[in-house]
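Participant: This is the structure I have questions about; it appears just below.
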Amino acid sequence: MVNAFGTIQFKEMPSIASTGVVVGPVEKESFFADSFDEILELENEKEESYEQANSRFIEKACTIAVQQGREQMENIDVFIGGDLINQLSPTNFAARKLAIPFLGVFSACASSMESLILGSLLLESGNAKSILAGASSHHPATERQFRYPIEYGAQKPGSAQWTVTAAGFALLQKHAKNAPIITHATIGRVVDGGQKNPLHMGAAMAPAARDTIERHLKNTNSSMADYDVIMTGDLGKIGLNILKEMFQDEDSGVILQDAGAQFYGENSFFNSGASGAGCSAAVFFSYMYDQLKNGVFSRVLLVATGALLSPLTFQQGETIPCIAHAIECRMEKRG
């Protein structure tokens, strides 16, 4: 089922039966705002900490996904998720509340697609029937851990990206009716382009995106022209331009898009665009999911990118290793 280059072909082709996306108040400025299920008024959700608020976002997104799938939480076999905070604390605490068998994952901002890959494998093996999979991020919590507390008011360069406050989760099932299906996945390899600047993540992650996309196309005997969209997330505007230059010999101009580059439109306040594990999860499980469901797209490749650094490795002068995981989705009516 997995070849030497890390691409999986799913014979059962798991379905994305439903999704749930909950975002913070700043995200009402998003280009994709109309597709989100709920935009909350407070970033702290009246909790004592931003980390606790992150957990509430996860719980809400999972609840919405289950409700929209006309399922019951007690019927979910496995909950798979990740975030950007130390030891996945927000997701761990959400798992405590949901009381579902739990797998925590970390691929930084690529965690949503890692969750989907693992969930699809569990369905394919016959060891689960319904799975919740996704990821989240929270702007103030992430800024406090990786950069500066937002109260500090630190100025950022144009290459920086804005961490999205969002949680996006999908309900995976084997044969849901009239739902997008997952046909293939490509597991990312860790690629290190030698970048050290944590405020220029697009440049660091673009080589990993290129590696995964190239391997996926080769292993599925496909070309970019076979897809309606290849949506990465989240390289931002600068990273997307770098990726397009890497594919300059191919017709990648329209096919290649990026969730982070588009998330806040042309608003310069957000510099190079959006980032965070919740960025690609929110876009993939709202806008892209809707486009597939409505028949606008019939075949897409979703590629989430992640920078595998920590505050400690940055302080030690390490370069930034990155990864990109890909899921291929198609819209085919069933039953």
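The values are calculated or read from the model by the stated rules, or taken from the named source; none is laboratory data. Fair warning: this is a prediction, and the values are worked out from it, not measured in the lab. Cβ coordinates were reconstructed from backbone atoms using ideal geometry, including for glycine residues, and neighbour counts include every protein chain displayed.
Participant: Could you identify the single residue in M205, M201 that is surrounded by 21 or more Cβ atoms within 10 Å (Cβ to Cβ), modelled with pLDDT under 95 and not polar (S, T, N, Q)?
Facilitator: After ruling out the rest, the residue left standing is M201.
Participant: To continue, here is another question. State all residues of region 312-332 that are at negative phi, surrounded by fewer than 14 Cβ atoms within 10 Å (Cβ to Cβ) and in contact with a Lys or Arg (Cβ under 9 Å, 6 or more places away or on another chain); if no residue qualifies, say none.
Facilitator: Residue satisfying the conditions is E318 alone.
Participant: A follow-up question, please. Of all the residues that make up region 88-114, how many are of a type outside the set (A, V, I, L, M) and either outside any helix (DSSP H, G or I) or without any contact (Cβ under 8 Å) to a residue 12 or more places away in the chain (or both)?
Facilitator: The total comes to 7.
Participant: It is to be established whether one or more residues within region 287-299 are more than 22 Å from D37 (Cβ to Cβ) and outside the structural domain of A108 (by TED's automatic domain parsing).
Facilitator: yes
Participant: Identify the residue in region 182-226 that is acidic (D, E) and within 30 Å of P14 (Cβ to Cβ) and, among all such residues, is nearest to the chain's Cα centre (by Cα).
Facilitator: Out of the qualifying residues, it is D211.
Participant: Given (1) closer than 30 Å to S268 by Cβ; (2) at pLDDT 95 or above; (3) touching a Ser or Thr at 6+ places or on another chain (Cβ under 9 Å), where does A141 come up short, assuming only one miss?
Facilitator: Exception for A141: condition (2).
Participant: Restricting attention to region 19-41, does a residue exist that is at pLDDT 95 or above, under 27 Å from L123 (Cβ atoms) and basic (K, R)?
Facilitator: No, the conditions are met nowhere in region 19-41.
Participant: Looking at (1) in a helix (DSSP H, G or I); (2) within 18 Å of the chain's Cα centre (by Cα), which one does G81 not meet, given that it meets all the others?
Facilitator: That leaves (1) as the condition not met.
Participant: Going through region 12-32 one residue at a time, which ones are out of contact with any Leu (no Cβ under 8 Å at 6 or more places or on another chain) and farther than 26 Å from I117 by Cα?
Facilitator: Of everything in region 12-32, those that are out of contact with any Leu (no Cβ under 8 Å at 6 or more places or on another chain) and farther than 26 Å from I117 by Cα turn out to be V26, E27, K28, E29, S30, F31.
Participant: Would you pick out the residues in region 115-136 that are among the β-branched types (V, I, T) and in contact (Cβ under 8 Å) with a residue 60 or more places away in the chain?
Facilitator: Result: I117, single match.
Condition check ((1) under 22 Å from D290 (Cβ atoms); (2) surrounded by 22 or more Cβ atoms within 10 Å (Cβ to Cβ)) across all residues:
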{"residue": "S30", "(1), (2)": "yes, yes"}
{"residue": "L40", "(1), (2)": "yes, no"}
{"residue": "E47", "(1), (2)": "no, no"}
{"residue": "F57", "(1), (2)": "yes, yes"}
{"residue": "Q67", "(1), (2)": "yes, no"}
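Participant: Which number in (1) surrounded by 19 or more Cβ atoms within 10 Å (Cβ to Cβ); (2) under 19 Å from I117 (Cβ atoms); (3) modelled with pLDDT of 95 or more marks the one condition that Y264 misses?
Facilitator: Status for Y264: all satisfied but (2).
Every residue, every condition in (1) part of a helix (DSSP H, G or I); (2) crowded, with 23+ Cβ neighbours inside 10 Å, yes or no:
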| residue | (1), (2) |
| --- | --- |
| L116 | yes, yes |
| K156 | no, no |
| L172 | no, yes |
| I181 | no, no |
| R189 | no, no |
| G193 | no, no |
| I213 | yes, yes |
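Participant: Determine whether G265 is assigned by TED's automatic domain parsing to the domain that holds Q195, in a loop (DSSP other than H, G, I, E, B) and more than 19 Å from H184 (Cβ to Cβ).
Facilitator: Taking the combined requirement at face value, the residue satisfies it.
Participant: Testing D290 on (1) at pLDDT 95 or above; (2) at negative phi; (3) crowded, with 17+ Cβ neighbours inside 10 Å, one condition comes back false. Which one is that?
Facilitator: (3)
Participant: Moving to a separate point now. Looking at region 52-102 only, could you name the residues that are among the acidic types (D, E) and under 18 Å from G168 (Cβ atoms)?
Facilitator: Once the filter is applied, which keeps residues that are among the acidic types (D, E) and under 18 Å from G168 (Cβ atoms), region 52-102 yields E59, E71, D83.
Here is a yes/no grid of residues against (1) of a type in the set (S, T, N, Q); (2) within 19 Å of A135 (Cα to Cα):
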position: I238; (1), (2): no, no
position: N241; (1), (2): yes, no
position: M246; (1), (2): no, no
position: V254; (1), (2): no, no
position: A259; (1), (2): no, yes
position: E266; (1), (2): no, no
position: N271; (1), (2): yes, no
position: A277; (1), (2): no, yes
position: D290; (1), (2): no, yes
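Quick grid of which residues meet (1) of a type in the set (A, V, I, L, M); (2) in contact with a Lys or Arg (Cβ under 9 Å, 6 or more places away or on another chain); (3) assigned to a loop (DSSP other than H, G, I, E, B):
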{"site": "I8", "(1), (2), (3)": "yes, no, no"}
{"site": "K11", "(1), (2), (3)": "no, no, yes"}
{"site": "A17", "(1), (2), (3)": "yes, yes, no"}
{"site": "V22", "(1), (2), (3)": "yes, yes, no"}
{"site": "K28", "(1), (2), (3)": "no, no, no"}
{"site": "F31", "(1), (2), (3)": "no, no, yes"}
{"site": "L42", "(1), (2), (3)": "yes, no, yes"}
{"site": "E45", "(1), (2), (3)": "no, yes, yes"}
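Participant: Sticking with this structure for a sec: When you go through (1) on the phi > 0 side of the Ramachandran plot; (2) surrounded by fewer than 16 Cβ atoms within 10 Å (Cβ to Cβ); (3) at pLDDT 95 or above; (4) not hydrophobic (A, V, I, L, M, F, W, C) one by one for G335, which number turns out not to apply?
Facilitator: With respect to (1) on the phi > 0 side of the Ramachandran plot; (2) surrounded by fewer than 16 Cβ atoms within 10 Å (Cβ to Cβ); (3) at pLDDT 95 or above; (4) not hydrophobic (A, V, I, L, M, F, W, C), G335 is out only on (3).
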